[in-house]
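Read through the structure below, which is laid out as structure tokens, and then see the notes.
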Amino acid sequence: MPSDPFFHPVSGFDLPRFAGVPTFMRLPYLPPEHERLADVDIGLIGVPWDSATTNRPGPRHGPRQLRDASTMIRAQHGETGVRPFETVNCADLGDVGPNPADIQDSMRRITAFYDRLVSLDIRPLTAGGDHLTSLPVLRALAKDEPLGMIHFDSHTDLFHSYFGGTLYTHGTPFRRAVEEELLDPRRVIQIGIRGTMYDSEDRDFAESVGIRVVPIEEFFARGIADVMAEAREIVGDMPTYVSYDIDFVDPAFAPGTGTPEVGGPNSFQALQVCRELYGVNIVGADLVEVSPPFDASGGTAFLGVSILFELLCAMVAD
Ligand code: MN
Ligand code: MN
């Protein structure tokens, strides 16, 4: 069924892209009590939160910068021809207001916001925020059954704890998600892993529970199509979350992030992996760790919204 024109973005033919109040992809903004909220199929949400960052901060400024950069996004995918805004009803649902001084309270607020979206059958596409953002989102999405996950990152984010027992950081979200049975580890694949390591504790955990880790060396040796075919096979037809950390991309192309790792994919490869997600049963997705203070050119934010558009297309394509 074609989408309702109410939910179509403002075209650059009608209003120049530098004009107007920036919303995600120039979509209508629907506050939480808006009368059309129940008609939304996919909601774009900002989570301006980086209280769990262990290194350079800044993703709390991500959603605002990403909204601004997203005014460049047009209606049609350049390669696949997907026109997501005419296929389903998309809207900017605003930001979840975190409590920047309290991680647990922030997570409760985020989960409550997403609980409501789940009750309205709205699939979320989230702009973070640091990577702990994914955990409270998964708590809402995986209420009934553990999800599969395709995870792009240079880090596994599977550590047990930091600083002698701190369980909730942006390096631990998926360890907690497995412990809380939000993820089915046998249906999780992590792609692009690289960089110097503290030790092998995270990788050992992955192996012990059956998480598939694809290091960057294997990614480049096999190629995108082959690795992503394996990813689709691992998650199968069952509900799957897609989590995309911008530091998956080489810092030459995405310097605006807190924990960069060299030797990664370029910006084109960063988009290509998303085109291999078509057909996956995606119940939600996120793009995290864009840090505007380290993004002097704005190029990281533009790549970030380009990835968000790719993810959106993957969410609506068959
Ligand atoms: Mn991460
Ligand atoms: Mn990372």
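The values are calculated or read from the model by the stated rules, or taken from the named source; none is laboratory data. Note that the coordinates shown come from a computational prediction; the quantities given were computed from them, not determined experimentally. Cβ placement follows ideal geometry from the backbone for every residue including glycine, while neighbour counts extend to all protein chains displayed. All accessible areas refer to the heavy atoms of the entire protein, side chains included, with ligands and DNA or RNA removed. Shrake-Rupley method; radii C 1.70, N 1.55, O 1.52, S 1.80 Å.
Among what's in the range 261-290 and is farther than 18 Å from L312 by Cα and either in a strand (DSSP E or B) or in contact with a Lys or Arg (Cβ under 9 Å, 6 or more places away or on another chain) (or both), pick the residue that is nearest to ligand 2 (Cβ to nearest atom).
Per the criteria, the residue is E261.
Given the conditions (1) part of a helix (DSSP H, G or I); (2) within 15 Å of ligand 1 (Cβ to nearest atom); (3) closer than 18 Å to F24 by Cα, and given that F302 satisfies all but one, which numbered condition is not satisfied?
Here F302 meets the rest and fails (2).
Within the set of pairs 6+ apart or on separate chains, which have a first residue in the range 231-256 that is modelled with pLDDT under 95, a second that is away from ligand 2 (no atom under 16 Å from the Cβ) and in a strand (DSSP E or B), and C-beta atoms under 7 Å apart?
none
Filter the range 92-113 for residues that are within 22 Å of L308 (Cα to Cα) and without any contact (Cβ under 8 Å) to a residue 60 or more places away in the chain; which is surrounded by the fewest Cβ atoms within 10 Å (Cβ to Cβ)?
Ranking the candidates gives G97 first.
Considering the range 1-25 alone, what residues qualify as being in contact with a Lys or Arg (Cβ under 8 Å, 6 or more places away or on another chain), under 17 Å from D95 (Cβ atoms) and open to solvent by less than 50 Å² (accessible area, probe 1.4 Å)?
Listed by number, the residues that qualify are T23, F24.
Can you work out which of the residues in the range 147-162 that are within 21 Å of A254 (Cβ to Cβ) and part of a loop (DSSP other than H, G, I, E, B) is most open to solvent (accessible area, probe 1.4 Å)?
H155
Restricting to the range 1-33, give me the number of residues that are free of Cβ contacts under 8 Å to residues at least 12 places away in the same chain, more than 14 Å from S70 (Cβ to Cβ) and hydrophobic (A, V, I, L, M, F, W, C).
Looking only at that region, the number is 4.
Among the strands (runs of 3 or more DSSP E) contained in the range 41-131, which hold 2 or more residues that are of a type in the set (A, V, I, L, M, F, W, C) and more than 16 Å from ligand 1 (Cβ to nearest atom)?
Because the criterion is at least 2 residues that are of a type in the set (A, V, I, L, M, F, W, C) and more than 16 Å from ligand 1 (Cβ to nearest atom), the strands (runs of 3 or more DSSP E) in the range 41-131 that meet it are 42-46, 90-95.
State all residues of the range 219-240 that are more than 16 Å from ligand 2 (Cβ to nearest atom) and closer than 20 Å to L158 by Cβ; if no residue qualifies, say none.
Across the range 219-240, the qualifying residues are V227, E230, A231, I234, V235, T240.
For the range 28-45, give me each residue that is under 15 Å from L311 (Cα atoms) and open to solvent by 30 Å² or more (accessible area, probe 1.4 Å).
Residue satisfying the conditions is D41 alone.
Let's see how each residue does on (1) over 19 Å from S291 (Cα atoms); (2) at pLDDT 95 or above; (3) open to solvent by less than 70 Å² (accessible area, probe 1.4 Å); (4) over 19 Å from the mean Cα position of the chain (by Cα):
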| position | (1), (2), (3), (4) |
| --- | --- |
| V47 | no, yes, yes, no |
| T53 | no, yes, yes, no |
| R60 | no, yes, no, no |
| R64 | no, yes, no, no |
| A69 | no, yes, yes, no |
| G81 | yes, yes, yes, yes |
| P84 | yes, yes, yes, no |
| T87 | yes, yes, yes, yes |
